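In what follows, a single structure is set out as structure tokens and then discussed.
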Amino acid sequence: MASATRTRKRNPRGEGERLRAALMEATVELLLEHGSSDQLSIRAVTSRAGVSPTALYLHFADKQELLQAVCDEAFEELIEFLEQAAAGADGDARAQLEAMGAAYLKFAHQRPALYRVLFATPGRFGGGERPAEEDPGKRALEALVEVTTRAVPDDPDPLGVALQLWTGLHGFVSLQSVMPEISQKMRWPSDEDFLRELTRAHLGDQTRRRAVPAA
């Protein structure tokens, strides 16, 4: 007689990672379709991923943990873009800041779905405060503030300058995304031109300052 108790078959190596990735990919797709997390449900995510609703709980406790994981992974990728750019600069804080700005725009262009989830999707973050070492979103902002502080050592509010730079970059990306006709009907600046003028507006004209002889 067959045993009444059956041993659950172990998943092949790597299958769990693939399931987790499929669930997160399905979440990104649904967030983009709905425009917010309000209509996102466990059943919709698992249906899109082609698995049963119970399969999701093998990796995530609930919807909020799933959303947090999606955002954390996206921020980690953004941080990688920023860190590689800063490391490739010549060590000068202003050059590093400009390189990070270019990397931010590159991320927005190359990872448009992740960018929209991070910066244009209401309700995508999970609840609760986390320390910076556990929150890649905070680490990304801290990296920007740290370089800005060195770029404008005499400014009493480097956080304010960093937020203005970020706001300018996000506005540039968002306008091109939601109003593409602007690029067709008017001369829209290139990424390089916009970044140069944005940096000049908030950090001053470096060339002009160097041209002024010392007293």
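The values are calculated or read from the model by the stated rules, or taken from the named source; none is laboratory data. These numbers come from a predicted model, not from an experiment. No Cβ is skipped: glycine too gets one built from the backbone with ideal geometry, and neighbour counts run over all protein chains shown. Each accessible area value is taken on the protein alone, full model and side chains, heavy atoms only, with ligands, DNA and RNA left out. Shrake-Rupley method; radii C 1.70, N 1.55, O 1.52, S 1.80 Å.
Please verify whether K138 is modelled with pLDDT of 95 or more, part of a helix (DSSP H, G or I), surrounded by fewer than 18 Cβ atoms within 10 Å (Cβ to Cβ) and not polar (S, T, N, Q), treating the condition exactly as stated. Can you show your working first?
On the way: modelled with pLDDT of 95 or more: no; part of a helix (DSSP H, G or I): yes; surrounded by fewer than 18 Cβ atoms within 10 Å (Cβ to Cβ): yes; not polar (S, T, N, Q): yes.
The answer is no for K138.
Selection within the stretch 117-134: residues that are of a type outside the set (V, I, T) and at pLDDT 90 or above. The member of this set that is surrounded by the most Cβ atoms within 10 Å (Cβ to Cβ) is L118.
Yes/no matrix, rows are residues, columns are (1) open to solvent by 100 Å² or more (accessible area, probe 1.4 Å); (2) modelled with pLDDT under 95:
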{"site": "T7", "(1), (2)": "yes, yes"}
{"site": "N11", "(1), (2)": "no, yes"}
{"site": "G16", "(1), (2)": "no, yes"}
{"site": "M24", "(1), (2)": "no, no"}
{"site": "L32", "(1), (2)": "no, yes"}
{"site": "Q39", "(1), (2)": "yes, yes"}
{"site": "I42", "(1), (2)": "no, no"}
{"site": "T46", "(1), (2)": "no, no"}
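Scanning the stretch 156-187 for residues that are open to solvent by 60 Å² or more (accessible area, probe 1.4 Å) and closer than 18 Å to T199 by Cα returns P156, D157, L159, L163, Q164, W166, T167. Can you find, within the stretch 48-95, the residue that is modelled with the lowest pLDDT among those that are within 21 Å of E146 (Cα to Cα) and of a type in the set (D, E)? Looking at residues that are within 21 Å of E146 (Cα to Cα) and of a type in the set (D, E), I get D90.
Only residues that are closer than 21 Å to A120 by Cα and of a type in the set (S, T, N, Q) were counted in the stretch 136-193, giving 6.
The residue that is farthest from G35 (Cα to Cα), counting only those in the stretch 70-116 that are assigned to a helix (DSSP H, G or I), open to solvent by less than 50 Å² (accessible area, probe 1.4 Å) and without any contact (Cβ under 8 Å) to a residue 40 or more places away in the chain, is A95.
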